1. Apply the Karplus parameterisation 6.51 cos²θ - 1.76 cosθ + 1.60, with θ equal to phi minus 60°, to every residue of the stretch 139-144 and state each ³J(HN,Hα) to the nearest whole Hz, in sequence, with x for glycine and proline.
2. Would you compute, for the Cα atoms of the stretch 32-293, the largest minus smallest coordinate along each principal axis and list the three values in descending order, in whole Å?
3. Based on the Cβ-Cβ distance of SER257 and GLU105, what FRET efficiency does E = 1/(1 + (r/R0)^6) give at R0 = 30 Å, to the nearest 0.05?
4. Across the stretch 143-294, how large is the tail of the calculated P(r) beyond 24 Å, expressed as a percent of all Cα pairs?
5. Find how much the distance from ASN63 to ALA40 grows on full extension, using 0.36 nm per residue of separation minus their present alpha carbon separation; answer in nm with one decimal.
6. Peptides 223-232, 208-217: what's the order by average Cβ count within 10 Å, highest mean first?
7. So between PHE249 and LEU74, what do we pick up on full extension, going 0.36 nm a residue minus the alpha carbon distance?
8. Taking every pair of Cα atoms in the stretch 245-291, average 1/r, invert it to obtain the Kirkwood radius, and report Rg/Rh to two decimals.
Amino acid sequence: MINITRPNFIASARRLLFLVFFFINGLNPLFAEAEIIPFAKNFALNFYGNFNIVNFASKENRNYTSASPWSIGLGIRYKNISARLFLPLWFENNPFDIQLNSYYEKVYYESFFRQYKNFYRDQDNGGDKYPVSGFDILSTGILAGWIQNNKRHSLGSVYNLDKKQTESSGSFLYGFGVFYTSINSTGEDSPGYSERQHLIYFGPAGGYSYTWVFPHDLFCNVNLTTGLNMGINAVSGTILFVPQIMPKFAVGYHGKSWSVNVIGGCTYTTMLWPDNGFDSLLAATMTLAFSRRF
């Protein structure tokens, strides 16, 4: 490293660094070195309340919407690793949602295992929805990513509530995802899935995350990630293109021994088939989370 002491050289270097980092990190505040502070207590017990919207639109122009939107969850966190289980308030057909997330300094992992069985379908003539039986979606996957500006930006501070970020900052995100979705309709509503179809898709992902840190330990984050996946139908051997868009935001507060946040986000997956038809799966969630550290 070269130490420059002459004032004019220092001023020129500062201007150059400002231009370079502004180009790379967009709106990052460059005048301060942020700190990411881990909490002293490694364990936390987490409680969740969820409102979910799950919609599947088939290439036969039929729409299915989950009929069990409300769920509650319980989770535990140890350091950077958080596990959580969500169950519906009404246990019709027993759908479930299991998540395991880890946010380290440089890398992060987001994984899920979800099943939805209780759906309503739109009437073909635009009338009211009616319940359908035998329609089942099972979806699981893992997204691993790298945080470019990991010295100043922490996803765990706003989503896992496992540390505290003290300065506003943003970062580009780079990753790779592997996913599996299984769809089956035992009734007559969706003939294309009368035989259970197994879709495996994977590919690169990228996006940007920015966190505003306010006085009194308040924070707000916006996050947009997109994925470009190639997939295969394991039943028919058909190759398809599966793009995804995954917007997310969080607002919250860090107390001395507890934290709370509200997270809103969705994953919109489009399955583009070679015959120019497509299916789409939207899974959107609004979550209120309370974390008590021990």
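1. These are the phi-based 3J(HN,Hα) values: 9, 8, x, 9, 10, 10 Hz.
2. 58, 36, 30
3. On the way: r = 23 Å, r/R0 = 0.77.
Efficiency computed from Cβ-Cβ geometry: 0.80.
4. On the way: 5147 of 11476 pairs.
Within the stretch 143-294, distances greater than 24 Å cover 45 percent of Cα pairs.
5. Numbers: separation 23, 0.36 × 23 = 8.28 nm, distance 4.82 nm.
My answer for the length gained is 3.5 nm.
6. On the way: 223-232: 18.4, 208-217: 15.5.
The densest-packed peptide leads the list: 223-232, 208-217.
7. On the way: separation 175, 0.36 × 175 = 63.00 nm, distance 2.09 nm.
Residue separation times 0.36 nm, minus the Cα-Cα distance, leaves 60.9 nm.
8. Working: Rg = 16.6 Å, Rh = 12.9 Å.
Using only Cα positions, Rg/Rh for the stretch 245-291 is 1.29.
None of the figures in this text is laboratory data; all of them are computed from the coordinates on show. Small disclaimer: the values here were computed from a predicted structure and weren't measured. Positions of Cβ are generated from backbone atoms using ideal geometry, with glycine treated the same way; all protein chains shown enter the neighbour counts.
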